[in-house]
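Before any comments, here is the structure.
The values are calculated or read from the model by the stated rules, or taken from the named source; none is laboratory data. These numbers come from a predicted model, not from an experiment. Positions of Cβ are backbone-derived with ideal geometry, glycine not excepted, and every protein chain shown enters the neighbour counts.
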Number of protein chains: 2
Amino acid sequence: MAPAPDSIRSTVENYVRSVAKGTTDEILALYAPGATVEDPVGTPVRTTDEELREFYSVLESLDQTGEVITVKIAGNTAAFLFRLVTHLGEQDIVMEVIDVMTFDDDARITGMKAYWNQEDMQTVPAG
Amino acid sequence: MAPAPDSIRSTVENYVRSVAKGTTDEILALYAPGATVEDPVGTPVRTTDEELREFYSVLESLDQTGEVITVKIAGNTAAFLFRLVTHLGEQDIVMEVIDVMTFDDDARITGMKAYWNQEDMQTVPAG
């Protein structure tokens, strides 16, 4: 049975908040065991806890702001547009991405695919 | 080899315009032979030309306006948020959806998955 849309929405909000402001452990706690990550789509799929930890740990020391712009839910899946701003002193790196996630019955993430390329990453004066 | 991002973007723009204003033939011309459609995600996948034709022909007689809000491209895939407004006299039905598409080398659609549920469809007074 698919989790309730509100549970999926809550995981998505927690995910973007944790990616921006949280620890690697907080991000990984949102994933189900055996989950896979393909970010961006077309690059090798990360399949182990170690690979996921390596991928997200890069973010931990960054000063970031995250915002979910829109979430579309269908059954046990969600596609969502979000913005991640990395603050680098005088400059911000603004990134807008669409992620697609699948969820288990407890609304834990079982798979994530991120759709973006370099054009979706822009450097702007700090706002 | 993945098609150029501009070619993918052009197919996406043509798709949304054709869904809103075009004929079923115009929509189907954007698909590669053997393409599949899952709309919304979680419902049975349409796999034959006849099934795709049946699915899109329903739209042909409707008075609609379409708008691509954002497109994220990764390799030979794209995820995009779009708005489709169906004009029914005094009322508009506003629908916002995220589609994920895969493309062949000629930027023809080989697969489409649509992420939305009933909550993404709203009836508002005609604008």
Would you call A:Tyr31 modelled with pLDDT of 95 or more and farther than 23 Å from B:Asn117 by Cβ? yes
The lone exception for B:Ile98 - which of (1) closer than 22 Å to B:Gln122 by Cβ; (2) touching a residue at least 40 places away in the same chain (Cβ under 8 Å); (3) touching a Phe, Trp or Tyr at 6+ places or on another chain (Cβ under 6 Å) it fails: (2)
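One line per residue, one yes/no per condition, for (1) in contact with a strand residue (DSSP E or B) (Cβ under 8 Å, 6 or more places away or on another chain); (2) crowded, with 18+ Cβ neighbours inside 10 Å:
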{"residue": "B:Asp25", "(1), (2)": "no, no"}
{"residue": "B:Tyr31", "(1), (2)": "yes, yes"}
{"residue": "B:Glu50", "(1), (2)": "no, no"}
{"residue": "B:Arg83", "(1), (2)": "yes, no"}
{"residue": "B:Phe103", "(1), (2)": "yes, yes"}
Sort out which residues of the range B:11-32 are free of Cβ contacts under 8 Å to residues at least 12 places away in the same chain and over 22 Å from B:Thr86 (Cα atoms), and write them in order of number. B:Ala29
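Among the helices (runs of 4 or more DSSP H) contained in the range A:1-107, which hold 1 or more residues that are under 11 Å from the mean Cα position of the chain (by Cα) and of a type in the set (Gly, Ala, Ser)?
On the way: elements: A:5-21, A:24-28, A:49-57.
Where helices (runs of 4 or more DSSP H) fall fully within the range A:1-107 and carry at least 1 residues being under 11 Å from the mean Cα position of the chain (by Cα) and of a type in the set (Gly, Ala, Ser), they are A:5-21.
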Please tell me if A:Glu51 is away from chain B (no Cβ under 14 Å) and farther than 26 Å from B:Ala78 by Cβ. no
So A:Arg83 fits all but one of (1) touching a Pro at 6+ places or on another chain (Cβ under 8 Å); (2) within 14 Å of chain B (Cβ to nearest Cβ); (3) touching a residue at least 12 places away in the same chain (Cβ under 8 Å); what number is the exception? (1)
For the range B:86-109, how many residues meet the condition of being more than 18 Å from B:Thr65 (Cβ to Cβ) and more than 14 Å from chain A (Cβ to nearest Cβ)? 6
